[in-house]
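S.K.: Have a look at this one.
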Amino acid sequence: MQPGVACIACHSKGEGPVFTLGGTVYPTAHEPDNCNGGTVTSMSRVVITGADGQTVTLTPNMAGNFSYAGALATPYKVKVTYMGRERAMIAAQTSGDCNACHTEMGAMMAPGRIMLP
(Lines give C-alpha, C1' and ligand atoms only; values in the text may rest on other atoms or scores of the structure.)
Protein backbone atom coordinates (compact mmCIF):
# COMPACT_ATOMS: atom_id res chain seq x y z
CA MET A 1 0.00 0.00 0.00
CA GLN A 2 1.07 3.55 -0.64
CA PRO A 3 0.01 5.73 2.29
CA GLY A 4 -1.19 9.15 1.17
CA VAL A 5 -1.67 8.19 -2.48
CA ALA A 6 -5.23 8.28 -3.89
CA CYS A 7 -6.51 4.77 -3.02
CA ILE A 8 -9.51 4.43 -5.33
CA ALA A 9 -7.54 5.72 -8.34
CA CYS A 10 -5.22 2.67 -8.12
CA HIS A 11 -7.65 0.12 -6.74
CA SER A 12 -10.21 0.82 -9.48
CA LYS A 13 -7.58 -0.18 -12.07
CA GLY A 14 -7.31 -3.71 -10.68
CA GLU A 15 -4.26 -2.89 -8.55
CA GLY A 16 -5.81 -4.47 -5.45
CA PRO A 17 -9.27 -5.07 -4.04
CA VAL A 18 -12.07 -2.68 -5.04
CA PHE A 19 -13.01 -0.18 -2.33
CA THR A 20 -15.98 2.12 -1.85
CA LEU A 21 -13.90 4.39 0.36
CA GLY A 22 -10.21 4.59 1.29
CA GLY A 23 -7.66 7.01 2.72
CA THR A 24 -4.83 7.56 5.18
CA VAL A 25 -4.89 9.16 8.64
CA TYR A 26 -1.78 11.12 9.65
CA PRO A 27 -0.63 12.74 12.90
CA THR A 28 0.02 16.05 11.06
CA ALA A 29 -1.54 17.87 8.11
CA HIS A 30 1.27 17.94 5.53
CA GLU A 31 2.95 14.52 5.44
CA PRO A 32 4.47 13.39 2.10
CA ASP A 33 3.14 10.46 0.05
CA ASN A 34 4.35 7.01 1.12
CA CYS A 35 4.98 8.21 4.67
CA ASN A 36 3.39 5.86 7.20
CA GLY A 37 0.88 7.45 9.56
CA GLY A 38 2.46 5.48 12.39
CA THR A 39 1.29 3.50 15.36
CA VAL A 40 -0.64 6.41 16.83
CA THR A 41 -2.99 6.53 13.84
CA SER A 42 -3.93 2.86 14.31
CA MET A 43 -5.50 3.90 17.63
CA SER A 44 -7.86 6.31 15.87
CA ARG A 45 -11.21 5.53 14.25
CA VAL A 46 -12.78 6.79 11.04
CA VAL A 47 -16.54 7.08 11.49
CA ILE A 48 -18.72 7.32 8.39
CA THR A 49 -22.42 8.15 8.67
CA GLY A 50 -24.41 7.56 5.52
CA ALA A 51 -27.33 9.68 4.35
CA ASP A 52 -29.55 6.84 5.62
CA GLY A 53 -28.15 7.18 9.16
CA GLN A 54 -26.15 3.93 9.01
CA THR A 55 -22.73 4.23 10.66
CA VAL A 56 -19.54 2.40 9.72
CA THR A 57 -16.48 2.61 11.97
CA LEU A 58 -13.07 1.82 10.48
CA THR A 59 -9.73 1.26 12.21
CA PRO A 60 -6.66 2.45 10.27
CA ASN A 61 -3.78 -0.02 9.97
CA MET A 62 -0.22 0.63 11.19
CA ALA A 63 0.46 2.78 8.09
CA GLY A 64 -2.66 4.88 8.77
CA ASN A 65 -4.56 3.40 5.81
CA PHE A 66 -8.27 2.60 6.08
CA SER A 67 -10.72 1.20 3.56
CA TYR A 68 -14.30 0.06 3.18
CA ALA A 69 -15.84 -2.08 0.43
CA GLY A 70 -19.53 -2.04 1.42
CA ALA A 71 -22.41 0.16 0.38
CA LEU A 72 -22.63 3.78 1.56
CA ALA A 73 -25.67 6.03 1.17
CA THR A 74 -24.48 9.35 -0.20
CA PRO A 75 -23.84 12.01 0.71
CA TYR A 76 -22.14 10.77 3.86
CA LYS A 77 -20.42 12.50 6.74
CA VAL A 78 -16.97 11.54 8.02
CA LYS A 79 -15.07 12.17 11.23
CA VAL A 80 -11.87 10.90 12.83
CA THR A 81 -11.92 10.14 16.54
CA TYR A 82 -8.89 9.74 18.80
CA MET A 83 -8.54 9.71 22.57
CA GLY A 84 -11.97 11.24 23.18
CA ARG A 85 -11.53 13.99 20.58
CA GLU A 86 -12.95 14.23 17.07
CA ARG A 87 -12.27 16.06 13.82
CA ALA A 88 -15.23 16.14 11.41
CA MET A 89 -15.36 17.14 7.77
CA ILE A 90 -17.38 20.29 7.20
CA ALA A 91 -19.21 19.09 4.08
CA ALA A 92 -20.90 15.77 3.35
CA GLN A 93 -19.08 13.69 0.73
CA THR A 94 -19.90 11.57 -2.31
CA SER A 95 -16.38 10.51 -3.42
CA GLY A 96 -14.69 7.75 -1.47
CA ASP A 97 -11.19 8.52 -2.76
CA CYS A 98 -10.23 10.46 0.36
CA ASN A 99 -6.55 10.94 -0.53
CA ALA A 100 -7.46 12.46 -3.90
CA CYS A 101 -8.27 15.69 -2.04
CA HIS A 102 -6.39 15.10 1.23
CA THR A 103 -2.97 15.47 -0.36
CA GLU A 104 0.22 16.79 1.23
CA MET A 105 -0.76 20.39 0.45
CA GLY A 106 -4.52 19.82 0.06
CA ALA A 107 -6.66 19.90 -3.06
CA MET A 108 -10.30 20.72 -3.87
CA MET A 109 -10.55 22.87 -0.70
CA ALA A 110 -9.16 20.16 1.63
CA PRO A 111 -6.67 21.72 4.07
CA GLY A 112 -4.14 18.88 3.73
CA ARG A 113 -4.01 15.34 5.06
CA ILE A 114 -6.69 13.56 7.07
CA MET A 115 -5.34 14.39 10.50
CA LEU A 116 -5.82 13.21 14.04
CA PRO A 117 -7.90 15.59 16.17
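The values are calculated or read from the model by the stated rules, or taken from the named source; none is laboratory data. Quick caveat, the model's predicted, so the values are computed rather than measured. We place every Cβ from the backbone using ideal geometry, glycine too, and count neighbours over all the protein chains shown. All accessible areas refer to the heavy atoms of the entire protein, side chains included, with ligands and DNA or RNA removed. Shrake-Rupley method; radii C 1.70, N 1.55, O 1.52, S 1.80 Å.
S.K.: What is the magnitude of the charge dipole of segment 23-117 about its Cα centre, with +1 placed on the Cβ of each Lys and Arg, -1 on the Cβ of each Asp and Glu, and no other charges, expressed in debye to the nearest 20?
M.R.: For this selection, approximately 280 debye.
S.K.: Same structure again: Pick from S95, S44, S12: which residue has the top mean-square fluctuation in a GNM of the chain where Cα pairs under 10 Å get a spring?
M.R.: S12
S.K.: Say each of M83 and T39 gets a label point 7 Å from the Cα, pointing the same way as Cα to Cβ; how far apart are those two points in nm?
M.R.: Taking the two extended label points, one gets 1.4 nm.
S.K.: Please compute the per residue accessible area over the chain with all protein chains in place, 1.4 Å probe, rounded to a whole number of Å².
M.R.: 54
S.K.: Here's something else I'd like to know. Once the Cα atoms of segment 7-51 are picked out, what are the Rg and Dmax in Å?
M.R.: For segment 7-51, the Cα radius of gyration and maximum Cα-Cα distance read 12.6, 32 Å.
S.K.: Report the Stokes-Einstein translational diffusion coefficient (µm² s⁻¹, integer) for the chain, Rh taken as the Kirkwood radius over Cα pairs, at 20 °C with viscosity 1.002 mPa s.
M.R.: Rounded to a whole number, D works out at 155 µm²/s.
S.K.: Right, next: Could you work out [θ]222 nm for the chain from helices alone, using -39500 (n - 2.57) per DSSP H run of at least four and dividing by all its residues? Round to the nearest 500 deg cm²/dmol.
M.R.: Numbers: 2 runs with 9 residues, N = 117.
My calculation for the chain gives -1500 deg cm²/dmol from helical runs alone.
S.K.: On the accessible surface of segment 1-115, probed at 1.4 Å, how many percent belong to carbon and sulfur atoms?
M.R.: The value for segment 1-115 is 58 percent carbon and sulfur by accessible area.
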